[in-house]
Amino acid sequence: MRIIENRTGNSLTRPLRILSLLRGQWDGQREPALQALADMGHEVIYVDQLLPLDGYQKLVQRIDFDVAVLWGNSLQNLLNSFDGNLFLDEANIPYVTLWTDHPSKHLPLLERVKTSNHKAMFIPDSQALAQFQNLGWENVFYLPPWHIDPDIFKPMPRVPELAFEISFAATLISYEAERAKWREGFSDEMNAAADKIVAKGRATKDFVDVVESAGTDFGATTEAFSKIAHAMHYEQKALAREYLIEAMGEQELHIVGIGSAATNRANIILHEGREWDDLSPLFCSSAINLNLTQWPNSCHHRVFQITASGAFVLTDWRDDAISLFEPNEEAVYFKSLDELPSLFERYLNDPEARARIAAAGRKRFLAEHTATHRMAELSAKLYDLL
């Protein structure tokens with residue numbers, strides 16, 4: 001356990017004592033948000049080791065917390081680790097959850113924390129927000145990606161061995177492997193529903209929203225739906241990679257990321273993955289950085305990482321995204337993979353346009369989208385909620 005240092009000396013008239021917990025794989029990526037809250041003047045206590053249930057219970061009995069701020073994956077892991085009521089509910093401590101993905105696949109778990117102490121869920125997708133509200137969740141708020149730190153993602157010198165015309169920072173796992181992993185124990189009805197989603201995705205070569213497709217038939221809070229949603233999260237991600245590789249034609253694409261899939265196409269070059277906090281050299285060295293988004297409306301956090309690095313991003317059109325980065329001015333969007341060849345030709349042959357758009361994207365990120373901006377929004381909302 002540690003207190004996050006206030007690096008600025010800022011003070012608040014009414015600082016909050018905030019608890020946060022390590023309970024997920026990607027906590028390091030989320031920590032800049034805690035630092036931003038501490039720099040604002042809040043007292044942030046971060047439990048950076050896994051504890052048994054009685055360890056958490058003793059902690060909240062010993063220290064008087066105003067609120068707990070939990071990442072969505074940490075809440076998921078806490079609920080999976082311990083039966084019964086969440087210890088924060090037992091201790092009557094208010095808490096909020098911040099999500100980086102679409103939480104629909106966790107709905108059965110989340111029914112356990114549909115309590116008066118769970119003051120808010122912050123979701124980075126306006127369509128998912130509406131879906132949760134339709135399912136009876138009242139305090140659900142839209143908060144775009146909230147954890148991107150400009151001290152980590154920033155302009156870097158060009159690295160010759162990363163000087164690719166087109167790069168894609170992503171995992172690459174085959175569809176067959178994902179299907180086999182996530183559909184174990186599926187009933188015939190569940191397989192049929194999942195196959196319907198896959199068929200629609202293959203026809204449109206785009207993301208299919210699982211809540212809209214299967215939520216009514218199965219009930220979005222059932223275990224069956226949760227399993228389908230988990231499978232589709234990973235299967236659709238694998239399919240999106242297939243669609244992209246097909247759309248590349250003969251254009252060379254460098255995929256940088258972990259994964260077990262292979263390809264026999266000479267123009268698709270696979271590279272070892274880089275640590276999440278060491279991606280800026282890739283972004284700054286590549287002429288075009290591709291991104292694919294798996295959620296209905298959301299602006300993917302990769303767009304923020306790339307623009308923060310002062311690099312050029314080419315990403316799929318999402319309605320939330322265009323309000324965050326202006327099309328053709330701060331980021332370039334495609335509505336169909338069929339548009340990629342002409343966009344590649346245009347921007348590979350226009351380095352001045354790439355530089356102008358990349359500079360404008362970074363300016364917009366620094367002005368509106370850093371972890372500090374998002375946590376200021378969260379801080380104001382916490383006072384309202386408490």
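The values are calculated or read from the model by the stated rules, or taken from the named source; none is laboratory data. Computed from a predicted structure; not experimentally measured. Quick reminder, even Gly has a Cβ in these numbers, built from the backbone with ideal geometry, and neighbours come from all protein chains shown.
Quick notes
- Test set (1) farther than 26 Å from LEU348 by Cβ; (2) touching a helix residue (DSSP H, G or I) at 6+ places or on another chain (Cβ under 7 Å); (3) touching a residue at least 60 places away in the same chain (Cβ under 8 Å) - GLN236 fails condition number: (3)
- All conditions in (1) surrounded by 13 or more Cβ atoms within 10 Å (Cβ to Cβ); (2) outside any loop (DSSP other than H, G, I, E, B) hold for ALA203, with the sole exception of (1).
- Test: residue in the stretch 145-155 that is surrounded by 15 or more Cβ atoms within 10 Å (Cβ to Cβ) and not in a loop (DSSP other than H, G, I, E, B): no
- Where helices (runs of 4 or more DSSP H) fall wholly inside the stretch 62-135, the ranges with 3 or more residues that are touching a residue at least 12 places away in the same chain (Cβ under 8 Å), closer than 23 Å to GLU31 by Cβ and of a type outside the set (D, E, K, R) are 72-81.
- Counting only helices (runs of 4 or more DSSP H) that sit wholly inside the stretch 306-386, those with at least 3 residues that are under 14 Å from ASN291 (Cα atoms) are 340-348.
- Inter-residue pairs, beta-carbon under 6 Å, first outside the structural domain of GLN29 (by TED's automatic domain parsing) and in the stretch 251-276, second of a type in the set (A, V, I, L, M) and modelled with pLDDT under 90, 6+ apart: GLY273/ILE258
- Considering PHE141, PHE168, the condition of being closer than 22 Å to GLU235 by Cα, assigned to a strand (DSSP E or B) and not polar (S, T, N, Q) is satisfied by PHE168 alone.
For every residue, the table says whether it meets (1) of a type outside the set (Ser, Thr, Tyr); (2) surrounded by fewer than 17 Cβ atoms within 10 Å (Cβ to Cβ); (3) over 23 Å from the mean Cα position of the chain (by Cα); (4) closer than 30 Å to LEU378 by Cβ.
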residue: GLN131; (1), (2), (3), (4): yes, no, no, yes
residue: VAL159; (1), (2), (3), (4): yes, yes, yes, no
residue: PHE168; (1), (2), (3), (4): yes, no, no, no
residue: PHE218; (1), (2), (3), (4): yes, no, yes, no
residue: ALA231; (1), (2), (3), (4): yes, no, no, no
residue: GLN236; (1), (2), (3), (4): yes, no, no, yes
